[in-house]
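Everything below concerns the one structure shown next.
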Amino acid sequence: MSKVNIKPLGDRVLLEICEQNEEMKGGILIPDTAKEKPQEFKVIALGTGKLDDKGKKIPFDVKVNDIVLTSRYGGTEVKVDGKEYKVVNQDDILAIVG
């Protein structure tokens, strides 16, 4: 598991970009400039949680190590020690893979 010194707050989730296969069938390499932004991520850390109107903590729908799909342009991308991460609101997570 990745260890990064970022702790999301509220209902935010820290995601690690899943490695994409850089070669298509037929051995064609896709340059970085032509690649689409990845949408598949691994959950690294959960925020502190969001509270409802009565002050009760709302549980997260995902857990650490889940593989998830997110909206393509949602969230904030950050780079730590040369590795790319994304911080998103739980609402920006579209699905759990698998």
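What the table shows:
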| read-out | value |
| --- | --- |
| Among the candidates GLU77, GLU84, residue that is outside any loop (DSSP other than H, G, I, E, B) and at pLDDT 90 or above | GLU77 |
| Considering residues of the stretch 46-68 that are at pLDDT below 95 and in a strand (DSSP E or B) only, the residue nearest to LEU14 (Cα to Cα) | LYS50 |
| Residue list for the stretch 87-98, filter: part of a loop (DSSP other than H, G, I, E, B) and under 15 Å from the mean Cα position of the chain (by Cα) | VAL97 |
| Residue list for the stretch 81-98, restricted to those being surrounded by 12 or more Cβ atoms within 10 Å (Cβ to Cβ) and closer than 19 Å to ILE6 by Cβ | GLU84, TYR85, LYS86, VAL87, VAL88, ASN89, GLN90, ASP92, ILE93 |
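The values are calculated or read from the model by the stated rules, or taken from the named source; none is laboratory data. Keep in mind the model is a prediction, meaning the values are calculated, not measured. A quick note on method: Cβ atoms are made from the backbone with ideal geometry, for glycine too, and the neighbour counts reach across all protein chains shown.
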